[in-house]
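Here is the structure we will look at.
Nothing in this text is a laboratory measurement; each read-out follows from the coordinates by a stated rule. Every value quoted in this text rests on a predicted model; they were computed, and no experiment measured them. Virtual Cβ from ideal backbone geometry, glycine too; neighbours counted across all protein chains shown.
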Amino acid sequence: RERSSPSLQKIVLSHAGADDDLLPAMISLVQNRTGQRFPPLAVLIYGSQINKQALCQVASAMPDNSSVSFHHGLYSVKLGKVMRRTFAQRISSQIEQGIEEVDLSGYGMEDEHAEECASLLEGDHCRIKAVTMFDNSLHSRAATRLARALVSNSTLQALSLAENSISASGFISMATVLVESNKSLQWLDIKDNPIFGSSNVDSTVSSTEALGRLGLLVSRSCGLLYLGLANTGLGEEECRVLSEAFSTNTGSLTMIGLSRNAIGDKGATILSRGIERNTILHSLTLTENGIGEEGTAAIARCVKSREQSGSLLRCVWMAGNKTDSSLFYGCMIDAGFSYIHLLPAMEMYC
């Protein structure tokens, strides 16, 4: 009834029990509001049961001058076609309300949206502790801007930029800030980005520079506890850099995720030598890396050596590789492991 009203500018559904059954009516409403006689339409949904996939259907049906947002639990928003104009204000209102975790995953964010978010993370006024931006359309430009924000930010503890298109230059910017300036970020997940090796398509920086920053991030960061590098193009050369960094036994890193790369037997063997001399790292993920018997044996010897030196590797994931796992399991049990976690679902954290 209201879809032809030229005066309608905003629809707000606040804790109204809205669910997926409402979507056909909403899509019909926004699709029929085209033409110059209709003002921009904003649809705001609070506390509903509509899922993200269904919300995307509504957003895709929106005309160019309209937007839709969704707020439920942790702050989250579907970025509409004109959201750039109001995105900063919406985040600001959540900051003022004391929201500490911002989830912006899978909402089609582009670099300009991340830049607006970065401006709100700068300075001591920000109280946000965790920002999740995985599965968007972010590039190195966004990562570089977020890195600049971290120079003056002392509250953010966790940042996820997984499943984007961030290349080597973005990684270098982030690593530089974490080594030289920021001491508060504890969790950085940048998995599923084309950063290293042949997957890196960044022509603005050399692979040598990216490798150098990787080594510094592991050996000299003072606050970072977890680094997620799954599916970022790691190979034998990157493992050599990681091994040298771990062997210094400095830095603060206690957990690293290296799943779904091309580490292989040689890479695993090289990596094990550095980790064997390290007493800080306690969690290592190497699932789906094409590691065979030689590499598995090297990691197992590393685990055994760490146990004998009193600095046990508490969590090691090796599922999805080429070799029969019995060799590794046996050595792990001999090394004192009473529990070996091999659930594939844990990959989501690593």
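Observations
- If only the Cβ of Lys and Arg carry +1 and only the Cβ of Asp and Glu carry -1, the dipole of segment 100-147 around its Cα centre is close to 140 debye.
- Size descriptors for segment 188-252, from the alpha-carbon set: Rg then Dmax equal 11.6, 33 Å.
- Protection proxy ranking of 191-204, 281-294 - average other beta-carbon atoms within 10 Å, highest first: 281-294, 191-204
- Listed residues Thr279, Cys315, Ala298: farthest to the positive end of the dipole of segment 207-330 (Cβ charges): Thr279
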